[in-house]
Every structure is written in C-alpha cells, then in structure tokens.
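Enquirer: Following this message is one structure expressed as structure tokens.
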Amino acid sequence: MSAQEKVRLLLSRQNGKPVLKPNRALVLKDAVAIRRPRKGEATCITEMSVLMACWKQNNFADALCSTEISSFYTCVSKAQAAMKNQSEQSLHQGRLPPKQALTLLKRFPNIQSEI
Amino acid sequence: MLGSSLKHIFSMAASVAGLLKPWTPSVVLVRWSRYNPYYLEPEVRREAYSRPEAELSAEEQEERKLKELRPIKAATCSTTSSVFDDPLISKFVRMIMTDGNKVLAREIITQTLENIKRKQVEKYHKTPAGKKEEIECNPYTIFHTALENCKPVVGLASIQKGGKSYQVPIPLTDNRRRFLAMKWMITECRENKHRRTHMYEKLSQELLAAFEKEGNVIKKRQELHKMAEANRAYAHYRWW
C-alpha cells in the first residue's frame, strides 16, 4: 500500500473513529529543526595533569618540563585534527548536519503550485 | 547589506561542500579578506619560484598545475617578497598600531630593534674574549626567543556550570598564545613603566628581560600557569 492510501485509511471515518485528527495540513515544511550537538568529553586531560604535576614538582620551571610540554602540544594538535575530521565524517556517514540540510532545503524547496 | 548577502552566499558555498564548483559572484571586490574557499593563497616567497622542475616532482607539479588554473586571492599591502619581511614583526607592528598610524608603529619597532642591537653590542664588547660567543646580537632572534618565552602553555576559560562560573584550564591554539604574548608585552610597556621613557626604550628593556626569562611579562605568564595548576580539578568541565 502506498503512503497516500495509508494516510487516507488513518483519516477515514468509515471504520469508526479516525486514528488521526490533524489540526494542520499533513505537509512537509521547508525547514529542519537545528538541534544542539551532543556535548563531548574534555580532551588531553591526562597530558595536562602530567604537565601540571611536573610543574608542581619543579616550581613551574619550563626548561625541566620540556618533554611533557611537547607531548601536551602533540595531543592538542591531534585532538584538533580529530575534531576537524569528525565534522567532515558526519557528511560521509550519510548524516547531514541540520544547518547544511536547511540551506539545501532553502535552495530547493517543496513545490507549492503546479507549473 | 551587500556584505551580509555576500556572506550568506559564501557561507552557503562553503558549507555545502558537494556543490563547490568554480563559481565567483558577479560583483567581486578586488581586495577582500573573505574569499570563496576555491581561491588559493598567493605565493610571495622568491625561493619558491626559482626552483627548477626536478624538485618534489609529484606534489609540487600538481600544485603548480592547480595554481595555473585556479583563481588566487589578492595579496595584502603588507606582504612583501623582500628578505627583510618577517611575519611575526609585521603582526607585532599591527598590534602596536593605533588610529591606523602604521608608520609610527613601524618606527617604534625599528628603533626598538636598533636599541636592542646597541645594548647587546655594548655588552659584547665589554665581555672577556672567552664568553663573547654567548652574547646574542641579532635583534630578530632576541625578539623571536623573547616572544617564545612569553607564550603561555595553557590558558583559563570561564565556564558556567550549575549557576556558578569556574576558571577552567584549557589548551590554547598557537595563534591565541602568540596573541597573548604580544598583548601582554604591549600592555606592560604601555602601563607599568615610567611615563617619561620612550616606547622603544620600554620595549627593548622588556624584550631583553624576556629573553633572559625575567621581567613582568614572564611573571604574568607564570601566574597564569599557577592559576591553571590551582584549578586543575575543574579541567573536566570542558566539553571540547
């Protein structure tokens, strides 16, 4: 059964009460709700704690903590690269971010009238 | 109005990557800071053009072929291909500049570098022969190392959680660190020095002190580190 026929069945009053009693027209909007993305975890916490422990031991002298500092920087750069990749990956996994879906829908809206 | 509509077009073109085609709007501004990401950066360095064909064959050849066809952004007025062009010094000049008086800012910086050179050469001639190699006379290297010594490793961000705001230690980007180092240097020289000294004098004193890892800017950086270390328990309040 097609979607139209299913909807017609749901709205029909022939078999008793109708299942659906819509107060608005059953039409798709030209917009998508922009939901806030899920909050992530804090990155590079272990590196930061190691660095801070080193600082505490050596009275904040940077010359003695150079290895910890460099490892912290590498962790930070990796985390930033991962964040960038993640926003691109969401495109490839078949899931369009709501903002991009909105721009696409604005450019190609639903047909309002017959041509 | 025009700017906002252009911004909309650019953001649309930028965000929907699958539709990124060779496209330029009909009205194009010549020198603009926001370009379609289709535009490539200009190559200003002279060495990049004097290399023969046989260097880094695959990548380089491809990049050169791409540059022949793609549009390129207009270079800004401050970029030069001269050997004296230093991007860090240019950034510092722009930060010192007030009311658009870049000539004055550049004068101050050149006087600062000259002053640093003079002081270091004086020190060089006064040291005994054995220790002469340890004195650094190049003002540009002094400037670079001083700024490196002033850059903080972690910064603090104010994050609200449960109605209260906490100072959370966060990792900083390179640009932010460079900006903070320069900002601290400039504000310290403008505010905490004797008012009758020239700016170049104040800057040279502070830069030489930062080179030796002393001075108020280094102290400020250490205080930031101490605050971050004290607040390390709140590091989990970050979500990025």
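What follows draws every value from the coordinates through simple rules; no lab data is involved. Note that this is a predicted model, so its numbers are computed, not measured. Neighbour counts are summed over all protein chains in view; Cβ atoms, including those assigned to glycine, are modelled from backbone coordinates with ideal geometry.
Enquirer: Just to confirm the filter: which chymotrypsin sites (Phe, Trp or Tyr not before Pro) across region B:74-165 are DSSP coil and have at most 11 other Cβ within 10 angstrom of their Cβ?
Expert: Details: sites: B:84, B:92, B:124, B:140, B:143; in loops: B:84.
Hits after loop and neighbour filter: B:84.
Enquirer: Here's something else I'd like to know. Please list the non-local residues whose amide H lies under 5 Å from the amide H of residue B:40, H modeled 1.01 Å from N, same-chain partners needing a gap of 5 or more.
Expert: It is B:72, B:73, by chain and number.
Enquirer: In region B:132-240, if the dipole is taken from +1 on Lys/Arg beta carbons and -1 on Asp/Glu beta carbons about the Cα centre, which of B:237, B:140, B:187 is farthest to the positive end?
Expert: B:237
Enquirer: Next question, about the same structure. Can you list the HN-Hα couplings for region B:37-45, worked out from phi with the Karplus curve (6.51, -1.76, 1.60; θ = phi - 60°), rounded to whole Hz and with x for Gly and Pro?
Expert: Working through the residues one at a time gives x, 5, 6, 9, 6, x, 9, 9, 6 Hz.
Enquirer: Output the Cα-based Rg and Dmax of region B:64-106 in Å, rounding Rg to one decimal and Dmax to a whole number.
Expert: Just the Cα atoms of region B:64-106 yield Rg and Dmax of 14.5, 42 Å.
Enquirer: Express in % the proportion of alpha carbon pairs of chain B at distances exceeding 29 Å.
Expert: Details: 15428 of 28680 pairs.
Cα-Cα pairs of chain B separated by over 29 Å account for 54 percent.
Enquirer: With a sphere of radius 12 Å drawn around the Cβ of residue A:39, what net charge do the other residues whose Cβ falls strictly inside it have (Lys, Arg +1; Asp, Glu -1)?
Expert: The answer is +3.
Enquirer: Further, regarding this structure: Please list the three semi-axes, largest first and in whole Å, of the ellipsoid equivalent to chain A, using sqrt of 5 times the eigenvalues of its alpha carbon gyration tensor. Spell out each step's value before the answer.
Expert: Working: eigenvalues 658, 63, 24 Å².
Semi-axis lengths for chain A are 57, 18, 11 Å.
Enquirer: Determine the principal axes of the Cα atoms in the protein assembly as shown, then give the extent along each, sorted from largest to smallest and rounded to whole angstroms.
Expert: Sorted largest first, the three principal extents are 108, 53, 46 Å.
Enquirer: Given C-alpha coordinates of region B:137-238, what is the ratio Rg to Rh with the Kirkwood estimate of Rh?
Expert: Details: Rg = 15.7 Å, Rh = 14.8 Å.
Rg/Rh: 1.07.
Enquirer: Right, something else. Mind checking B:146-156 for the average number of partner chain beta-carbons within 10 Å of each residue's beta-carbon?
Expert: Values: counts 0, 0, 0, 1, 0, 0, 0, 10, 8, 0, 0.
Counting other chains' Cβ atoms within 10 Å and averaging over B:146-156 gives 2.
Enquirer: Return the Cα extents of region B:22-131 along principal axes one, two and three, sorted largest first, each rounded to a whole Å.
Expert: Computed over the Cα atoms, the extents are 63, 45, 16 Å.
Enquirer: Hey, can you list the DSSP H helices of chain B whose Cα span along the axis is 15 Å or longer and whose average Kyte-Doolittle score is at least 0.0?
Expert: Details: long enough: B:2-15 (19 Å, 0.69); B:57-69 (18 Å, -1.90); B:102-126 (36 Å, -0.96); B:139-150 (16 Å, 0.07); B:174-191 (26 Å, -1.02); B:199-211 (18 Å, 0.25); B:216-230 (21 Å, -1.03).
Helices meeting the span and hydropathy rule in chain B are B:2-15, B:139-150, B:199-211.
Enquirer: Turning to a different aspect of this structure: Can you list which of the GluC sites (Glu not before Pro) found in region A:1-97 are DSSP loop residues with at most 10 other C-beta atoms within 10 Å? Spell out each step's value before the answer.
Expert: Values: sites: A:5, A:41, A:47, A:68, A:88; in loops: A:41.
Here the sparse-neighbourhood loop sites are A:41.
Enquirer: Still on this structure, I have one more. Averaged over all directions, how much area does the convex hull of the C-alpha atoms of region B:73-142 cover when projected, in nm²?
Expert: Working: hull surface 24.1 nm².
About 6.0 nm², averaged over all directions.
Enquirer: I need the trypsin sites (Lys or Arg not before Pro) found in region A:3-34, filtered to DSSP loop residues with at most 12 other beta carbons within 10 Å of theirs. Show your work: numbers first, answer last.
Expert: Numbers: sites: A:6, A:8, A:13, A:24, A:29; in loops: A:13, A:24, A:29.
Loop-located and lightly packed - A:13, A:24, A:29.
Enquirer: Let's see if you can work this out: charge +1 on each Lys and Arg Cβ, -1 on each Asp and Glu Cβ, no other charges. What is the dipole magnitude of the protein assembly as shown about its Cα centre, in debye to the nearest 20? Please list the in-between numbers first.
Expert: Details: 60 positive and 37 negative charges, 432 e Å.
So the magnitude is around 2080 debye.
Enquirer: Then there is this: Report, by chain and number, residues whose modeled amide H sits under 5 Å from the one on residue B:157, excluding near sequence neighbours (fewer than 5 apart, same chain).
Expert: For residue B:157, whose amide H was placed from the backbone, the distant partners under 5 Å are B:168, B:170.
Enquirer: Quick one: what are the phi-derived ³J(HN,Hα) couplings along region A:18-29, Karplus 6.51/-1.76/1.60 with θ = phi - 60°, whole Hz, x for glycine and proline?
Expert: Running phi through 6.51 cos²θ - 1.76 cosθ + 1.60 with θ = phi - 60° gives x, 6, 10, 10, x, 8, 10, 5, 7, 10, 6, 7 Hz.
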